[in-house]
Amino acid sequence: MLDLIQVILPVFLIVGFGYIAVWRRIISDAAIDGLMSFAQKIAIPLLLFRAISTLDLSAGFQPALLISFYIGATVSFFLGLFGARFVFGREWEDSVAIGFGCLFSNSVLLGLPISERAFGADNLSANYAIIAFHAPFCYGLGITVMEIVKARGTGLGSLGPKVLKAMFKNALILGILAGIAVNITGVQMPIVLADAVDLIVRAALPTALFGLGGVLYRYRPEGDLRVIAMVCAMSLIVHPAIVFTLGSFTGLSQSAFRSMVLTSAMAPGINTYLFADMYGRARRVAASSVLLATGLSVMTVWVWLGVLG
């Protein structure tokens, strides 16, 4: 038990430091916005670029890994969507935004550091394989369904361009695509440039975790608690349970299986709120779900680590 706490607690302490720093006004909201802009638009895209550019694609991109993870994510998305619509009576557009919260695990800010501490830096190839498809898949699915819902009764001729435009404005997706391109072509970065990029990469996760804590302070829960509870349950229990069940029959290596399940057990990422804000739908549910699920995941991740051994 102590070993598991030592794995989890440092990551959440950094998030907590950011939360307290904004709560006690040690750091301003504007400063946190600057940190998150640096992390999300520069540092993390560079982290993904460097990791994927050097990843052994033949070992990392295993069909069973990706199919198991993304079936679980897709099922969770539609369970959340239809639950919000037919159980809680939310409008279709709200329901899609709520479903996105059940879909988008925090695979980078929480999944990477916890997996690294739990299983070691040499056992992250499955994490990066999942992350390479994560933002493109989740945004592609969420935007497509939202645009279909918004266009009901009218033509869908502009759907494809809208989806592609929204996806290619995302810095994470651009970093992933650049990493894949460098990996496939075998282009070598100049040593000086690579060293500079690596210096930025080292700051990516600590900065993002601290900034995440500051952002979460803004989104204290208000109402909609039953819907928020559903999002938390889908993200922290249902999604990893589906992935665990599917992955048990695939013959994946222990390393890939553990990384896959642990990544699926992460709380919704801050992109959940960004997606809701992009469409102006269910923003309060999205923000509160990120906050509460992140707090609850201290316990649920500990449980999943215990299950995974």
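The values are calculated or read from the model by the stated rules, or taken from the named source; none is laboratory data. Owing to the predicted nature of the structure, the values given are computational and were not obtained by experimental measurement. Neighbour counts run over all protein chains shown; Cβ positions are idealised from the backbone, glycine included.
For every residue, the table says whether it meets (1) in contact (Cβ under 8 Å) with a residue 60 or more places away in the chain; (2) polar (S, T, N, Q).
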position	(1), (2)
V182	yes, no
T185	no, yes
P190	no, no
L199	no, no
F244	yes, no
S248	no, yes
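Residue count for the stretch 56-78, restricted to those that are crowded, with 22+ Cβ neighbours inside 10 Å and of a type outside the set (G, A, S): 3.
With at pLDDT 85 or above, among the β-branched types (V, I, T) and surrounded by 20 or more Cβ atoms within 10 Å (Cβ to Cβ) as the only criterion, which of V261, V298, V215, V238 stands out? It would help to see each step written out before you state the result.
On the way: V298 fails: surrounded by 20 or more Cβ atoms within 10 Å (Cβ to Cβ); V215 fails: at pLDDT 85 or above; V238 fails: surrounded by 20 or more Cβ atoms within 10 Å (Cβ to Cβ).
It is V261.
The helices (runs of 4 or more DSSP H) found wholly in the stretch 119-208 and carrying at least 1 residues that are at pLDDT 85 or above and either farther than 30 Å from L9 by Cβ or touching a helix residue (DSSP H, G or I) at 6+ places or on another chain (Cβ under 7 Å) (or both) occupy 125-150, 171-185.
Residues considered: F104, F88, F69. Of these, the only one that is in contact (Cβ under 8 Å) with a residue 60 or more places away in the chain, out of contact with any Gly (no Cβ under 9 Å at 6 or more places or on another chain) and more than 14 Å from L205 (Cα to Cα) is F88. For the stretch 26-38, indicate whether the set of residues that are surrounded by 16 or more Cβ atoms within 10 Å (Cβ to Cβ), among the hydroxyl-bearing types (S, T, Y) and not in a helix (DSSP H, G or I) is non-empty. No, the conditions are met nowhere in the stretch 26-38.
Scanning for something assigned to a helix (DSSP H, G or I), charged (D, E, K, R) and at pLDDT below 85, does the stretch 218-228 turn up at least one residue? Outline the logic, then answer.
Initially, the stretch 218-228 is screened for residues assigned to a helix (DSSP H, G or I), giving 218, 225-228.
After this cut, where a residue has to be charged (D, E, K, R) as well, the list is 218, 226.
Checking which are at pLDDT below 85 leaves us with 218.
Yes, the stretch 218-228 has at least one match.
The single condition from (1) among the small types (G, A, S); (2) under 27 Å from K41 (Cβ atoms); (3) in contact (Cβ under 8 Å) with a residue 12 or more places away in the chain that G280 fails is (3). Residues in the stretch 18-34 include at least one that is over 19 Å from the mean Cα position of the chain (by Cα), over 25 Å from N170 (Cα atoms), of a type in the set (D, E, K, R) and at pLDDT 90 or above. Note on the stretch 264-288: residues that are over 17 Å from A129 (Cβ atoms), assigned to a helix (DSSP H, G or I) and either under 13 Å from the mean Cα position of the chain (by Cα) or modelled with pLDDT of 95 or more (or both) total 5. Scoring L81 on the criteria (1) over 15 Å from F210 (Cβ atoms); (2) buried (at least 21 other Cβ atoms within 10 Å of the Cβ); (3) hydrophobic (A, V, I, L, M, F, W, C); (4) within 16 Å of the chain's Cα centre (by Cα) leaves a single failure, condition (4).
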